[in-house]
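S.K.: Below: one structure in structure tokens.
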Amino acid sequence: GESVGLHLPTLSVQEGDNSIINCAYSNSASDYFIWYKQESGKGPQFIIDIRSNMDKRQGQRVTVLLNKTVKHLSLQIAATQPGDSAVYFCAENDNNAGNMLTFGGGTRLMVKP
Amino acid sequence: DSGVTQTPKHLITATGQRVTLRCSPRSGDLSVYWYQQSLDQGLQFLIQYYNGEERAKGNILERFSAQQFPDLHSELNLSSLELGDSALYFCASSFGASGEQFFGPGTRLTVL
């Protein structure tokens, strides 16, 4: 079936540096994409989303980029902080198939002080 | 705190048993979703209910069933449990049938 995947399982960055987490998706019908952050022992927490009619969306310290041509999604975190250490998941949604989310495998972000 | 509550937090049971996981959505949310997170399969969508009716179905086993009650809380029933059912089970809710989903803290199920 369709799936969402991640290139890097673990990303280690220095505190204060920028982080980039990448994601590839395969369902060309997906029209909504979300990044979630999951800390140990907690449920996924919404970070930012983007619809397929956009290619960039910015939040507080986070930016999501969507490249529909190559089916690629990225999450950029500016000035990474120790509190950003977590597992990050991208998820896609094909609204024609209901509101089910298809998650990628996750990337662990480790921030070194 | 997302506003979604799940009980119990932890559950340990034996193979062949049946368990019920409970979820209360955020106040005002009409949709409830169930996801399973295991080490080998990652986060997988199981089922969605909207205002009491089944809305979408994912990779949910026949041994699993769910329902949403008139007060909008939901229960996920897992029967004939197998070792491979050990996982984190998350509930999420959204206001409408689509839109941002807010996840609960999860129930960790261990089948021995």
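S.K.: Hey, residue A:109 hits all of (1) surrounded by fewer than 15 Cβ atoms within 10 Å (Cβ to Cβ); (2) more than 13 Å from residue A:29 (Cα to Cα) but one; which does it fall short on?
M.R.: It is condition (1) that residue A:109 fails.
S.K.: Any residue at all in segment A:96-111 that's within 14 Å of another protein chain (Cβ to nearest Cβ), part of a strand (DSSP E or B), within 26 Å of residue B:90 (Cα to Cα) and aliphatic (A, V, I, L, M)?
M.R.: no
S.K.: Here's something else I'd like to know. In segment B:79-101, how many residues are within 11 Å of another protein chain (Cβ to nearest Cβ), more than 17 Å from the chain's Cα centre (by Cα) and modelled with pLDDT of 95 or more?
M.R.: Residues that pass the stated criteria total 0.
S.K.: Is there a residue in segment A:60-71 that is within 10 Å of the chain's Cα centre (by Cα), in contact (Cβ under 8 Å) with a residue 12 or more places away in the chain and under 30 Å from residue B:23 (Cα atoms)?
M.R.: No, every residue in segment A:60-71 fails to be within 10 Å of the chain's Cα centre (by Cα), in contact (Cβ under 8 Å) with a residue 12 or more places away in the chain and under 30 Å from residue B:23 (Cα atoms).
S.K.: Any idea which of (1) modelled with pLDDT of 95 or more; (2) hydroxyl-bearing (Ser, Thr, Tyr); (3) not in a strand (DSSP E or B) is the one residue B:2 doesn't satisfy?
M.R.: That leaves (1) as the condition not met.
S.K.: Now for a different question. Looking at A:48, A:20, which is the one that is over 24 Å from residue B:105 (Cβ atoms) and assigned to a strand (DSSP E or B)?
M.R.: Working: A:48 fails: over 24 Å from residue B:105 (Cβ atoms).
It is A:20.
S.K.: Scan segment A:17-63 residue by residue and report those that are within 24 Å of residue A:111 (Cα to Cα) and more than 14 Å from chain B (Cβ to nearest Cβ).
M.R.: Initially, segment A:17-63 is screened for residues within 24 Å of residue A:111 (Cα to Cα), giving A:17-24, A:34-49, A:57-63.
Residues satisfying the conditions are A:17, A:18, A:19, A:20, A:21, A:22, A:24, A:58, A:60, A:61, A:62, A:63.
S.K.: Only one of A:81, A:45 is within 19 Å of residue B:46 (Cα to Cα) and surrounded by fewer than 17 Cβ atoms within 10 Å (Cβ to Cβ). Can you tell me which?
M.R.: A:45
S.K.: I would also like to ask the following. Touching a Lys or Arg at 6+ places or on another chain (Cβ under 9 Å), closer than 26 Å to residue B:58 by Cα and among the β-branched types (Val, Ile, Thr): which single residue out of A:13, A:87, A:64 fits that description?
M.R.: Working: A:13 fails: closer than 26 Å to residue B:58 by Cα; A:64 fails: closer than 26 Å to residue B:58 by Cα.
Of the residues listed, the single one that is touching a Lys or Arg at 6+ places or on another chain (Cβ under 9 Å), closer than 26 Å to residue B:58 by Cα and among the β-branched types (Val, Ile, Thr) is A:87.
S.K.: Okay, moving on. For segment A:72-95: of the residues being modelled with pLDDT under 95 and assigned to a loop (DSSP other than H, G, I, E, B), which is nearest to the other protein chains (Cβ to nearest Cβ)?
M.R.: Once the filter is applied, the top-ranked residue is A:95.
S.K.: If you scan segment B:17-69, which residues turn out to be within 14 Å of another protein chain (Cβ to nearest Cβ), among the β-branched types (Val, Ile, Thr) and out of contact with any Ser or Thr (no Cβ under 7 Å at 6 or more places or on another chain)?
M.R.: B:47, B:60
The values are calculated or read from the model by the stated rules, or taken from the named source; none is laboratory data. Predicted, not measured: the structure shown is a model, and the values here were computed from it. Neighbour counts run over all protein chains shown; Cβ positions are idealised from the backbone, glycine included.
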